[in-house]
1. Return 65, 32 ranked ascending by Cβ neighbour count within 10 Å, so the fewest neighbours appear first.
2. Quick one: angle between helix 50-68 and the longest Cα principal axis of the chain, in degrees between 0 and 90, rounded to 10, please.
3. Using a 10 angstrom cutoff on alpha carbons, build the Gaussian network for the chain and name the most mobile of 38, 58, 12.
4. Only helical DSSP H runs with n ≥ 4 go in: add -39500 (n - 2.57) per run for the chain, normalise by residue count and round the 222 nm mean residue ellipticity to 500 deg cm²/dmol.
5. With each pseudo-label sitting 7 Å past Cα toward Cβ, what's the residue 17-residue 38 distance in nm, one decimal?
6. Please give the helix 2-20 orientation as an angle from the longest Cα principal axis of the chain, in degrees from 0 to 90, rounded to the nearest 10.
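Since every read-out is calculated from the coordinates, none of them should be taken as a lab result. Computed from a predicted structure; not experimentally measured. Using ideal geometry, Cβ is built from the backbone for each residue, glycine included, and neighbour counts are taken over all protein chains shown.
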Amino acid sequence: MRGALIAIGLVLVIGGAAAFFGMLQYPHDKEVVKIGGLSASVSQERTVPQWIGGLAALFGVGLIVAGSARRS
């Protein structure tokens, strides 16, 4: 159980740091024109917002601390 918390925490810290520094992007399709059965769309690459990356990293640090805490 402790090892799983630490592993998930590490994944969240790494992913959160990547999102915080703007390294994670996702495609966003936007329909520009639609006339009858014809449509035109544009695909844009957007970055994950920094605040989401920061929250994920902080949550990951919390999981690492919880996983590495010793029971008395």
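1. Lowest to highest Cβ neighbour count: 32, 65.
2. 20 degrees
3. Top of the fluctuation ranking is 38.
4. Helix-only estimate at 222 nm: -18000 deg cm²/dmol.
5. Rounded to a tenth, the inter-label distance reads 5.1 nm.
6. The answer is roughly 40 degrees.
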